[in-house]
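Below is one structure, written out as structure tokens, with a few remarks after it.
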Amino acid sequence: MKKILTVLALGILLSSCGYKEVDKKEKFKLLYEAEVLQKKDAREKMNKINKKLSKYTEKENEKALKDKQEFDNISYYLKDMTLKYKGLLPGWGYLSNDEVAYPPIKEIMAKEGEVVSAQFRLYSEDDGDIYDYLTNKPYSGVAVFRYGTGDIDEVVIFENGKVKSIIQKNKLNRDYKLVQEDFFDKDNRNLICSKKYTSHGDIKEELYILERYSNNNVKKDYIISNGKEKIREYNSKRKIIKEEAI
């Protein structure tokens, strides 16, 4: 009986040899490039990995079986996110494959302290918190939300899985052209700068908040509009009391 158990244990050990597991981050990067970005070299590499996986899963190799399951899970997750991403527009509609501009790989594989893609790296749980797909931990850091066109919708700071502040919010028209960018203070969420654009993408107006009252109403701002620059002062009831051309 002891000899039989020894042979079985040796068989299990041998079946686990010869296969090297692929790191989750590497799987995620490879599948994003192969299935979302449709990069030829990534697809070729993925085909080689699938052949290798098939070879070892047929032998019931535990590491290979585990890896295949994780590859499948990531692939399903990315397909789901991709379908949702195509429908992220300022109005009604759904983009074709040729019209979609996916987030750059830098945002997909962003490290701690770097800006991540909200739609592809982050997900929500039943508790309402936001988690990082690569770590499965509540996310802390900066994330960018994009429309399916690739244009920025908003930039958000998260802390322990919860929204701390929105530091940028953009507006697009129905033709998916950028018409306004608003930037906010990360600590108090007050507007600090706003930029408006023409339909041709030229800056139409720039506004910078220079000073505020204790109640957060604007006390002084600097505006550039139609080529003219002004510094404006307001009373506590938001009425302009002084304008100075520069």
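The values are calculated or read from the model by the stated rules, or taken from the named source; none is laboratory data. It should be emphasised that the depicted structure is a prediction, and the values quoted were computed from it without experimental measurement. Note that we place each Cβ from the backbone using ideal geometry, even for glycine, and neighbour counts take in every protein chain shown. What goes into the accessible areas is simple: the full protein's heavy atoms, side chains included, and nothing from ligands, DNA or RNA. Shrake-Rupley method; radii C 1.70, N 1.55, O 1.52, S 1.80 Å.
Can you give the extra length, in nm with one decimal, that the chain gains between Lys186 and Val163 once fully stretched, where that is 0.36 nm per residue apart less the Cα-Cα distance?
7.2 nm
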So what is log10(I(q)/I(0)) for region 35-153 at q = 0.10, 0.17, 0.24 1/Å, when the Debye sum runs over its Cα atoms only? -0.38, -0.98, -1.37
Filter on Lys137/Lys162; Lys29/Lys111; Lys84/Lys195 - keep pairs with C-alpha separation over 21 Å: Lys84/Lys195
List the pairs from Lys55/Lys79; Lys20/Lys164; Lys39/Lys196; Lys164/Lys219; Lys79/Lys164 whose alpha-carbon separation is above 32 Å, in the order I gave them. Lys20/Lys164; Lys39/Lys196
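Please report the orientation-averaged projected area of the chain, defined via the convex hull of its C-alpha atoms, in nm².
Computing the convex hull of the Cα atoms and averaging its projections yields 19.8 nm².
Under a 1.4 angstrom probe, counting protein chains only, how are Arg174, Arg121 ranked by accessible area, largest first?
In descending accessible area the options line up as Arg174, Arg121.
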To the nearest 500 deg cm²/dmol, what mean residue ellipticity at 222 nm is calculated for the chain from DSSP H runs of n ≥ 4 alone, each contributing -39,500 (n - 2.57), summed and divided by the residues? -9500 deg cm²/dmol
Using a Förster radius of 51 Å, what is the FRET efficiency between Asn47 and Glu229 based on their Cβ-Cβ separation? Nearest 0.05, please. 0.30
Computed magnitude of the charge dipole of the chain (debye, nearest 20; Cβ of K, R +1, Cβ of D, E -1): 360 debye
Please list, or write none, the aspartates and glutamates whose alpha carbon is within less than 16 Å of the alpha carbon of Lys237, excluding same-chain residues fewer than 8 places away. Glu211, Asp221
Cβ-Cβ cut-off under 11 Å around Tyr234, Lys and Arg +1, Asp and Glu -1: the net charge is +4
Per residue, how much accessible area does the chain show when a 1.4 Å probe rolls over the protein heavy atoms, in square angstrom? 64 Å²
Under the Karplus relation 6.51 cos²θ - 1.76 cosθ + 1.60, θ = phi - 60°, what is the ordered set of whole-Hz ³J(HN,Hα) values for region 62-75, x standing for Gly and Pro? 4, 5, 5, 4, 5, 5, 4, 4, 5, 4, 5, 5, 5, 4
Approximate spin-label separation Asp80-Tyr94, in nm, with each point projected 7 Å along Cα-to-Cβ: 1.8 nm
Kindly report, to the nearest 10 Å², the accessible surface of Tyr131 as traced by a 1.4 Å probe over protein heavy atoms only. 40 Å²
Of Asn215, Asn73, Asn136, the one that fluctuates the most in a GNM where the chain has Cα springs shorter than 10 Å: Asn215
